[in-house]
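Only one structure is covered here, and it is reproduced in the block below.
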Amino acid sequence: MKNKNADAVVDKNLAHSKKNSFLSYFKQHKWLYIMLIPGALYFIIFRYIPMGGIIIAFKQYSPFRGIWESPWVGFKQFQLLFSGTDFWLLLKNTLALSLMNLVFYFPMPIIIALLLNEIKNQIYKRVIQTFIYIPHFVSWVIVASLTFTLFNVTDGAINGFVKSITGKTINFLGLPEYFRPLIIGQVIWKETGYGTIIFLAALAGVDPNLYEAAKVDGAGRWKIMWHITLPALKGTIIMMLILRVGSILNTGFEQIYLMRNDLNLSASEVFDTFVYQRGIINGQFSYSSAAGLFKSIVGLILVLSADRLAKKAGESGIY
């Protein structure tokens, strides 16, 4: 009996101690928690609360009857999605764009960050950074307009150059085989510079003494980059790769929608545009919700799988 009472007293003291330590920690860092409030509210209001609407993927939803009064159909919408003629085309186009993004775009911010890290003149470095960051703040509407101006058949500058060499023009904007290279080119031009920020931040934490020691030992720039700079980026690269793999079915709606047309639909129809077309334009809310839920589940599985593989490889992962 005495032992039980003693254990209870010890547990009570530990709980009280933890509570006091949390309160003291909260008081010490209260402004950090206050700064988290807007971001937390954003995710709660626009990300978590709308998740309740996922239920319409399992119903024959009617706006006039509402979510709860609409008839329950189970997995019928998913059966229609997977058995439809559009599904495999959507999957092929989405995966093709995502894999091309992964292969061609993902390494670009890393390469640019490594090159910027080698620039010793800080003024010159900041000027370059400013210029390569600017495209990120240009809207996709402007990017699509610039692409049309450069590549259209009538008076596009690129087609003018091609015609001067070959004597004929190429319909870059209409032929399906040119759609994906154009999309990847736009992403590289617009997002590469801004994507270097997180890698440059990781490099800022590298101890300068490591570079000095390597120079004393006779290491050149390439060896320093290979043995010091790249290992310093390893954790960040893996974390970003995990996040990129998780969004493999998210190709970005606005960019694709602005670049698609009736001539290149065989390459430009992806899940994002399909959900918009079927859900918003045609009013097939349950069907498009099933497609969106499929995307989300696949993304979750890929993130968890990539994180598990990273941990097995000795990295920390994302959680």
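Miscellaneous remarks
- N121 surrounded by 11 or more Cβ atoms within 10 Å (Cβ to Cβ) and over 24 Å from the mean Cα position of the chain (by Cα): no
- Among the residues making up the range 83-113, those that are over 29 Å from F294 (Cβ atoms) and either over 21 Å from the mean Cα position of the chain (by Cα) or open to solvent by 50 Å² or more (accessible area, probe 1.4 Å) (or both) are M108, I111.
- Among the residues of the range 97-119, the one identified as without any contact (Cβ under 8 Å) to a residue 40 or more places away in the chain and not in a helix (DSSP H, G or I) is I119.
- All of L230, L263 fail the test of being touching a Gly at 6+ places or on another chain (Cβ under 7 Å) and either within 22 Å of M108 (Cβ to Cβ) or hydrophobic (A, V, I, L, M, F, W, C) (or both), apart from L263.
- Qualifying residue in the range 126-144 (condition: over 30 Å from M259 (Cβ atoms) and open to solvent by 20 Å² or more (accessible area, probe 1.4 Å)): yes
- There is no residue in the range 147-165 that is open to solvent by 40 Å² or more (accessible area, probe 1.4 Å), assigned to a helix (DSSP H, G or I), touching a Ser or Thr at 6+ places or on another chain (Cβ under 7 Å) and of a type in the set (A, V, I, L, M, F, W, C).
- Test: residue in the range 57-80 that is touching a residue at least 12 places away in the same chain (Cβ under 8 Å), open to solvent by 80 Å² or more (accessible area, probe 1.4 Å), under 30 Å from I197 (Cβ atoms) and not β-branched (V, I, T): no
- Test: residue in the range 130-137 that is part of a helix (DSSP H, G or I), within 19 Å of A267 (Cα to Cα) and of a type in the set (F, W, Y): no
- Qualifying residue in the range 10-22 (condition: open to solvent by 90 Å² or more (accessible area, probe 1.4 Å) and modelled with pLDDT of 75 or more): no
- When the range 273-315 is filtered for residues that are among the polar types (S, T, N, Q) and touching a helix residue (DSSP H, G or I) at 6+ places or on another chain (Cβ under 6 Å), the ones remaining, listed by number, are T273, Q284, S286, S288, S289.
- Among the residues listed as T85, T94, T147, the single one being polar (S, T, N, Q) and without any contact (Cβ under 8 Å) to a residue 12 or more places away in the chain: T85
- Exclusive hit being open to solvent by less than 60 Å² (accessible area, probe 1.4 Å), over 16 Å from the mean Cα position of the chain (by Cα) and among the polar types (S, T, N, Q), set T169, T196: T169
Here is a yes/no grid of residues against (1) closer than 25 Å to N250 by Cβ; (2) among the hydroxyl-bearing types (S, T, Y):
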residue	(1), (2)
W140	yes, no
A144	yes, no
T149	no, yes
V162	no, no
T166	no, yes
L182	yes, no
I198	yes, no
G205	no, no
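The values are calculated or read from the model by the stated rules, or taken from the named source; none is laboratory data. Note that the structure is a prediction, hence the values are computed from the model and not measured. When we count neighbours, we look across all protein chains shown, and the Cβ atoms used for this are built from the backbone with ideal geometry, even at glycine. Surface areas here come from the heavy atoms of the whole protein model, side chains and all, with no ligands, DNA or RNA. Shrake-Rupley method; radii C 1.70, N 1.55, O 1.52, S 1.80 Å.
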